[in-house]
1. Report the residues of the stretch 49-64 in range of a label on His286: point 7 Å along Cα→C-beta, backbone N strictly under 14 Å from it.
2. Please build a GNM for the chain, connecting alpha carbons under 10 Å apart, and tell me which residue among Leu381, Leu11, Leu71 fluctuates the most.
3. Starting from the stretch 53-141, pick out the chymotrypsin sites (Phe, Trp or Tyr not before Pro) whose DSSP state is loop and whose Cβ has at most 16 other Cβ atoms within 10 Å.
4. Once label points are set 7 Å from the Cα along Cα→Cβ at both Glu115 and Asp312, what is their separation, rounded to one decimal in nm?
5. List the GluC sites (Glu not before Pro) within the stretch 129-226 that DSSP assigns to loop and that have no more than 16 neighbouring Cβ atoms inside 10 Å.
6. Please report the net charge: other residues with Cβ closer than 12 Å to the Cβ of Tyr142, K and R +1, D and E -1.
7. Quick check: from the Cα gyration tensor, does the stretch 47-286 come out rounded (a/c under 1.5), prolate or oblate?
8. Extension gain His89-Glu140, at 0.36 nm per residue separation less the Cα-Cα distance, in nm?
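The values are calculated or read from the model by the stated rules, or taken from the named source; none is laboratory data. These numbers were taken from a predicted model, which means no experiment stands behind them. Positions of Cβ are backbone-derived with ideal geometry, glycine not excepted, and every protein chain shown enters the neighbour counts. Side chains included, ligands, DNA and RNA excluded: accessible areas come from the protein's heavy atoms. Shrake-Rupley method; radii C 1.70, N 1.55, O 1.52, S 1.80 Å.
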Amino acid sequence: MVKLASRMETLPPYLFAALDERRRAVEARGVDVISLGIGDPDMPSPPVVVETVQREAARPGNHRYPRYDGLPAFRTAVARYYLERFGVHLDADREVLTVIGSKEGLAHLIWAYVEPGDVVLAPDPSYPVYSAHAALAGGEAYHLPLSAANGFLPDLDAIPEEVLRRAKLLFINYPNNPTGAVADRPFLERAVDLCRRYGILLVSDAAYVEMTLEGESAPSILEIPGAKDVALEFYSLSKPFNMTGYRLGAAVGNPAAVAALGRVKNNTDSGQWNAIQYAGAAALEHDPQDFFSRMNALYRQRRDKLCLGLRDLGWNVPLPRATFYVWAEAPGGDDRAFAEQLLDAGVVVVPGSGYGSCGQGYVRMCLTVGEQEIDRVLERLGALSPVLFAR
Ligand code: MLT
């Protein structure tokens, strides 16, 4: 066997690939499994998206390589959308770049900036991609603990001066995966101010910015005055438009960061298929707010059913204000053991420690199953409740 590069020692199996494997093993024993695992919407994409892909797929011009910097029609639609939705002006040529889903963009951005010895500031718990690629690139992730006590917002004042001086990137992700927390403007202002003072690139993962469940509207980091000097935001079409399979998003904001990410990408991938970029433009142009409010109403209903049902069983789970994730303390305190017990009973939940050590003792449940399946989840947990939820 050829010896793997030593950097592979730092790379754990991807959280959701490992979960899929566990799920398949349990299914092979004949257990019918309901997944509250990965954040993968169960509802269809908007009809205009499907129609546009079908139409554009039939055009031979779209069977060729896309443009490296992304289709102008998509980048222009993103810029127009940012102006309408957030009041943010973007130059579609210099400040918007198509990415093949924000996961790809986030990972490649790290390669543009991080070298051995550099620090990457990443919340804990957080999306595993930030820390995995920081480590692959030879950087050091400095973790910013998120807890219920701090509203799941990192304490920026607690970062030591010498860490700030070595830091290249600060990742933030609001509305937040996995906790469902929302950031207020003063927090975003503090993050911009810190990054300006220390010359850090502020990376805003805005995958859930459209997913608020209580009628509020989550801001873009680029709404904060001066943010464009230091911030790059990743807008994703995956979750809000039920488009995870299409792989489409945009990196927007600081033009130097857009160019740097573009250079890494051009040397790595050859862009997203034009038919999908046309579909993304159509999604952004056809009354997206109406689509989002219908989806958010659906998730709110599911959230209430699941959370209130779990509370009746004796598990006091909080109601998230945003995202489609419920983040709750695992009864008994051992998130991995608890997730295994639930999997054996036919319910996938994500152990919180998969998002970092501060996620230990928590599990995440995703609201991407219908109400009938939620009833079945509650039945299954109800059957276990004397063991799991001692009142
Ligand atoms: C999640 O469920 O946290 C993510 O959506 C999974 C992913 O993007 O791989």
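1. Counting backbone N atoms under 14 Å from the label point, the list is 49-57.
2. Leu11
3. Numbers: sites: Tyr68, Phe74, Tyr81, Tyr82, Phe86, Trp111, Tyr113, Tyr130; in loops: Tyr68.
Those satisfying the criteria are Tyr68.
4. Output for this residue pair reads 6.1 nm.
5. Values: sites: Glu140, Glu161, Glu162, Glu189, Glu210, Glu214, Glu216, Glu223; in loops: Glu210, Glu214, Glu216.
Answer by residue number: Glu214, Glu216.
6. On the way: positive: Arg165, Arg166, Lys168; negative: Asp118, Asp124, Glu140, Glu162.
My count for the surroundings of Tyr142 gives -1.
7. Working: a/c = 1.93, a/b = 1.50, b/c = 1.29.
It comes out prolate by the Cα gyration axes.
8. On the way: separation 51, 0.36 × 51 = 18.36 nm, distance 3.40 nm.
In short, 15.0 nm is gained.
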